[in-house]
1. Testing A:L125 on (1) in contact with a helix residue (DSSP H, G or I) (Cβ under 8 Å, 6 or more places away or on another chain); (2) assigned by TED's automatic domain parsing to the domain that holds A:A318; (3) at pLDDT 90 or above, one condition comes back false. Which one is that?
2. Among (1) over 18 Å from the mean Cα position of the chain (by Cα); (2) buried (at least 16 other Cβ atoms within 10 Å of the Cβ); (3) under 26 Å from A:E390 (Cα atoms); (4) modelled with pLDDT of 85 or more, which single condition is A:F253 missing?
3. Has region B:167-181 got at least one residue that is farther than 30 Å from B:A275 by Cβ, away from chain A (no Cβ under 14 Å) and surrounded by 14 or more Cβ atoms within 10 Å (Cβ to Cβ)?
4. Taking region A:97-117 as the search range and keeping residues that are in contact with a helix residue (DSSP H, G or I) (Cβ under 9 Å, 6 or more places away or on another chain) and either among the polar types (S, T, N, Q) or within 14 Å of another protein chain (Cβ to nearest Cβ) (or both), which one is nearest to A:K355 (Cα to Cα)?
5. Looking at region A:316-340, which of its residues are out of contact with any strand residue (DSSP E or B) (no Cβ under 6 Å at 6 or more places or on another chain), surrounded by 20 or more Cβ atoms within 10 Å (Cβ to Cβ) and closer than 16 Å to A:F81 by Cα?
6. Across region B:116-166, what is the number of residues that are in a helix (DSSP H, G or I) and either within 14 Å of another protein chain (Cβ to nearest Cβ) or out of contact with any Gly (no Cβ under 9 Å at 6 or more places or on another chain) (or both)?
7. Hey, could you check region B:230-248 for residues that are at the interface with chain A (Cβ under 9 Å from one of its Cβ atoms) and not β-branched (V, I, T) and say which is surrounded by the most Cβ atoms within 10 Å (Cβ to Cβ)?
8. With the structure loaded, tell me whether B:R186 is of a type in the set (K, R) and modelled with pLDDT of 85 or more or whether it fails that test.
Amino acid sequence: MPIKKVLMLLCLLAIMAGCRPAPDGTVTLVWATNSHPSRIDAARWFEKQHPGVRVEIMPMGDSRQFFLKCLYGDAPDVITFFSADTFQAFAENGLLRPLSGPSRSAWPYYDALQDYCFKGHTDELMALPQVAYPYVLYVNPELVPQEKAMAVQSWRDLLGLVRTLSPAVTDTGKPVFGLDIQSESVWFTTWYWQRGGRFFSPEGNSVLDRDIARETLAAMERWRRLPGVIPRPSDRLNLPSSGASQGVLGSLFLQGRALFYWSGSWKIADFEAQDRVPWQVRMLPTGPVNGLTVMGGNSFGVSCRSTHPELAKQFVAALAGKAAQKRHLAHRIYLPARKGIPIPQSLAVLKEQAKAARCPEHSALLNEALVKEIFKQALEAHRLGVANDEEAAEMLASALEAGAVEVPRD
Amino acid sequence: MTDTRRGLAFVAPLFTGVVFFCLIPAAACAVLSLFRWSLTSPPSFVGLENYRTLLGDPLFLQAAINTLILSLVVPLQVAGSFALALFLRRTTPWHRLLRLVVFLPTLVSPVALYIMWRSIFFADMGLLNRLLDLVGVAAPLWLEDPGWAKAAVMVVLLWESIGGFQMLFFLAGLRQIPEQLHDMARLDGLPLRRRIRDIYWPWMRSLVGFNLCLGFIGAIQGGFEIAFLMTGGGPLRSTTTLSYLLYENAFQWQKMGYGAAVGVLMFLMISPLLALKWKGAPRD
């Protein structure tokens, strides 16, 4: 009977689908990270050192979605954290295994990275860092004489220098801006910190100082009003989408259209990959009260659902170890998280900047994406002139207290 | 096997899918809207609090107004699709080719389309502003100005749908009109305006209503991709649609109950249209 044959064939197919190849003794570690060549290199390096281990890279995508996936579904063995807030969300929700390593007091890494590794304000180590990303000031030495760039200490110095060098134009007649800034939020945060402000208390409540916020916004507005100093978003190639890549093309600096560029040290990779625009790195200027700046980083934790936790811990320790960090320098991108690893002399300033930097503030009471949106709306309303200094500071304060996005009123 | 049983057997797979992937999630969404749930702590029952907060939330109000304003392109879409169908209804090879060309954008991924339009509207190097520069017109900052961003989004929504499925429906509808009526109109020398009123409109009325209903339903439910990819919902929330707000609340800010309440209110907004669609759907 044909129907019987069909059923038998289906059964056979089902049995074959359920069959797996005989185990060959290989253990597979799944590592959630981005697909940068340095990651692939690190995976292959660990495999060479540990025959019989295969490291499989799992792309992460959006950090919030990835967090939910790990919370409700499968989690990889090793997880990379690109923001302190995401790390804390994993640690607070019991998704990570504690690691053995140095305590806070004996921390061999840059202090700002502690929030990427220690759960809450406890001494419980849940992840180890590999890389630090301090924000720095890039200089175009063809447009800015080196001795003048070296003399910049404060924002006032920088503005004075920019004004003496402006207006400048490119070979094609396009205006050259004084200072391109990667992010309004980083601009506001740095200047607010440098005036002595804080956003959150250790308990996570908003402690925004309205006076300092207002003063910061007023200072930003003064810089924006000076023609040719700060480019508008429309002067850049990136647009306000949240879905598409903002990519390297967004940098005016790489088009030779900015004297200075304020961005993270990861941009060094882009700059080294091109030979059109010469560049140097300088410390960011300091503010009226202190020199605190923003620093990002990454760290690696072991999932509590890992099927090979001990091997995963070994992998994390190896990634954060001195040998791997030195090896990582071959990719000429990042500042190793561990202090005391020699880096090229031209990038020594990164170490100095990292000492003056701290992790972006976050609150366990407020979702990271929501905080970003609150900042975005208030700063955008201020930039577009819909809210003045007072209103934008008030908008920010009330939004951070209520934990909801405020809509500017016309 | 009786006809009824055979019919049920055919319908069963689809019906099961509808139950499991539409009805049960919809019911779960309605229940979830009565809870506060951040996904990381257990849900707590808050009754109608999410709705009360939502109705007083200026962000929700702005998203609802934005969605309604963006849905104003629907009558233009329908009128444009009808006009195109009228123009392309003939069956010459030239018209067939044109039909294909006009329908092509429907086959392209919206992601690619929106990214393409984003670069067209880009203020500094965008194609549109370069063309406007050439003719000496001061070009606006399309996606950076809250006033113009909405207009830019409406242009894209109109462009992408005007030659799409609505046009196909109209083409199919136009073919149903007996050829004798056209012959008589030609003999009587009826102008286009009269032909539309006396021939096309009576035959196409229900199809126009159907397309309008479907269009409005799509406009109220949709708008997520374009907000996500082209404008990020901004500037200043001027292009945030209800679906984008739902996504942000539920999946970005982890306010699942609140996001579910947005979804329920969206359903309530489109339910009169659903009823209308039911009533006005073409029967043949």
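The values are calculated or read from the model by the stated rules, or taken from the named source; none is laboratory data. Computed from a predicted structure; not experimentally measured. Backbone-built Cβ (ideal geometry, glycine too); neighbour counts: all protein chains shown.
1. It fails just one condition, (1).
2. Checking A:F253 against (1) over 18 Å from the mean Cα position of the chain (by Cα); (2) buried (at least 16 other Cβ atoms within 10 Å of the Cβ); (3) under 26 Å from A:E390 (Cα atoms); (4) modelled with pLDDT of 85 or more, the one that fails is (3).
3. Keep residues of region B:167-181 that are farther than 30 Å from B:A275 by Cβ, which gives B:178-181.
Then drop every residue that is not away from chain A (no Cβ under 14 Å), which leaves B:178-181.
With the extra rule that they be surrounded by 14 or more Cβ atoms within 10 Å (Cβ to Cβ), the set shrinks to B:181.
Yes, region B:167-181 contains a residue that is farther than 30 Å from B:A275 by Cβ, away from chain A (no Cβ under 14 Å) and surrounded by 14 or more Cβ atoms within 10 Å (Cβ to Cβ).
4. My answer is A:Q114.
5. A:P336
6. Counting residues in region B:116-166 that are in a helix (DSSP H, G or I) and either within 14 Å of another protein chain (Cβ to nearest Cβ) or out of contact with any Gly (no Cβ under 9 Å at 6 or more places or on another chain) (or both) gives 27.
7. B:G233
8. Values: of a type in the set (K, R): yes; modelled with pLDDT of 85 or more: no.
Spelling it out, it is not the case that B:R186 is of a type in the set (K, R) and modelled with pLDDT of 85 or more.
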